[in-house]
Amino acid sequence: MLGTIITIIVAALFSQNFILVKFLGICPFLGVSKKTSSSVSMGIAVTLVMVLATLVTYPLYEYILVPLKIEYLEIIFFIFIIAALVQMLEKIIEKLSPSLYQTMGIYLPLITTNCAILGVAELVIGSGFYADIGLAAAADMNLWFALLYALFAGLGFTLAMVLMGGMRERIEKLPIAKCMKGFPITMVAACFMAMAFYVFTLI
Amino acid sequence: MNKYVKTAVDGLITNNATFKLVLGTCATLALTTSAINGVGMGLSVTAVLLLSNVVISLLRKVIPNTVRIPAFIVIIATMVTILRMALDKFLPDLYDSMGVFLPLIVVNCIILGRAEAFASKQPVLDSAIDGVATGLGFTAALTIMGVIRELLGSGSFFGIQLWDFKIGFFTSSAGAFFVYGMCIALFTLISNRVEYAHRARKARELRVPAEGPLDAPGISAKEEA
């Protein structure tokens, strides 16, 4: 039990890092990582939506779609839930904390089309995934493991975003060839980060 | 006719989704470990893009403006569900190798981007051409990256083993970022050169008639061609 929890945490944070190993959520990784502060806001927003989305989609799939034998509708249901959740969260944050809304607000609508959210919802119900996070069989997956995985996958996403934000703040000041400016140099920086994270997959 | 050619060239090269606009990056990085995966993903996106563009274009006067994004997403999700069933039935190998990235076509920014920017405003035929052109531009980019990574990373070309020399880096996740970055840099370099040459030619054409307005060499050269 404890071993599984540790495996899930290490896998979600490092060895199966969403951005650098699984290639999920690359758009915000490239789009809003110009500054460390915006990276942190985006990372927290994504983590929050990821956990909430898993909390709804996993029971929905297990207890409604599977018994009714309409699993094939999962994509439509999931994307609708995520879109509704993001909209709801935006309204709640706007009412509760206008200052938080100022910093996080502009990133929230972008999260609907973030592959990391739909990715985690699809991964935790898929059968080809349990071995990656140290489970013996697909049947061992339950809501708590799914939520734990979603939480740490979000934190792993935040980690990669923050590292990238720090790197890009420095890259901005360097003299770089014109054709390498912008996306290409960011990709090369991401390449070195991915190499560093590759070490965790060898453990 | 000219309008359609312009739409097609725009989607294929000038506004290439992968190398120019840098959209749909997740699928690009994850599914270019081999050329055949790249082609499979590219064609899947093309199919969804064509169908969703056509449907959205047909419904563009019916969908209220305020709820257009949810409506587009539901249409796209339906198309992806259909594609997923078809691939599961007819091409199970490709279905397995695409894994989680097949349902993730729904959140591919290219498709929603074309729906929002083009199909929701243009007639059906234009939207269909735009969908096919953008999709094939994406496919071409994925194929190029897939061929590079497969050739260097596993020494094969579309699954045919050519030599034993392998650099594992190129099939790893780090290699994906590296190859993608280099491809964008090369594309930017070439398109900058082409644009520079094009602008220089335009400037020359404009200057010559000003010196001798009667024989206008720019027009006669075009007629000969």
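Taken together, the values in this text are just the output of simple stated rules run on the coordinates, not laboratory data. Note that the structure is a prediction, hence the values are computed from the model and not measured. Glycine also receives a Cβ, built like all others from the backbone with ideal geometry; neighbour counts cover every protein chain displayed.
Sparse packing (at most 16 other Cβ atoms within 10 Å of the Cβ) combined with a DSSP loop state is found for the following chymotrypsin sites (Phe, Trp or Tyr not before Pro) in the stretch B:84-184: B:F158, B:W163, B:F165. Estimated purely from DSSP H runs of n ≥ 4, each contributing -39500 (n - 2.57), the mean residue ellipticity at 222 nm for the protein assembly as shown is -22000 deg cm²/dmol once divided by its residues.
When only alpha carbons of chain A are considered, Rg and Dmax amount to 17.8, 60 Å. Nearest 10 degrees is fine. How inclined is helix A:143-171 to the longest principal axis of chain A, computing both from alpha carbons? Tilt relative to chain A: about 10 degrees. In this simple spin-label approximation, A:T4 and B:D96 carry label points 7 Å from Cα along the Cα→Cβ vector, and these lie 2.6 nm apart. Peptide packing: for A:124-133, B:197-206, the average count of neighbouring Cβ atoms within 10 Å per residue gives the ranking A:124-133, B:197-206, highest mean first. Most tightly packed first, judged by the mean number of other beta-carbon atoms within 10 Å of their residues, the peptides B:124-130, A:112-118 read A:112-118, B:124-130.
To one decimal place, what Kirkwood hydrodynamic radius in Å is obtained for the protein assembly as shown from all pairs of distinct Cα atoms?
Numbers: mean 1/r = 0.0433 Å⁻¹.
After inverting the pairwise mean of 1/r, the radius is 23.1 Å.
What you get for the stretch A:6-202, charging only the Cβ of Lys and Arg (+1) and of Asp and Glu (-1), is a dipole of about 840 debye around the Cα centre. Averaging Cα coordinates gives a centre for the stretch A:52-73 and one for the stretch B:131-173; these two points are 36 Å apart. Counting Cβ atoms of other protein chains within 10 Å of each residue's Cβ and taking the mean over peptide A:22-30 gives 6. Scanning chain B for DSSP H helices at least 15 Å long along the axis (C-alpha atoms) with a Kyte-Doolittle mean no lower than 1.0 picks out B:35-58, B:68-90, B:124-154.
Dipole size of the protein assembly as shown about its Cα centre, with +1 on Lys/Arg Cβ and -1 on Asp/Glu Cβ: approximately 1180 debye, rounded to the nearest 20. Peptide B:127-133 has a mean of 0 when you count, residue by residue, the C-beta atoms of other protein chains within 10 Å of its C-beta. In degrees, nearest 10, range 0 to 90: what is the angle between the Cα axis of helix A:36-59 and the longest Cα principal axis of chain A? Helix A:36-59 and the main axis of chain A meet at about 10 degrees. The angle between the Cα long axis of helix A:74-96 and the main principal axis of chain A comes to about 60°, on a 0 to 90 degree scale. Between B:V62 and A:T103, the simple spin-label model (points 7 angstrom out along Cα→Cβ) gives 4.6 nm. Summarising the label geometry, the points placed 7 Å from Cα in the beta-carbon direction at B:K121 and B:D88 lie 3.8 nm from one another. Peptide A:190-201 has a mean of 4 when you count, residue by residue, the C-beta atoms of other protein chains within 10 Å of its C-beta.
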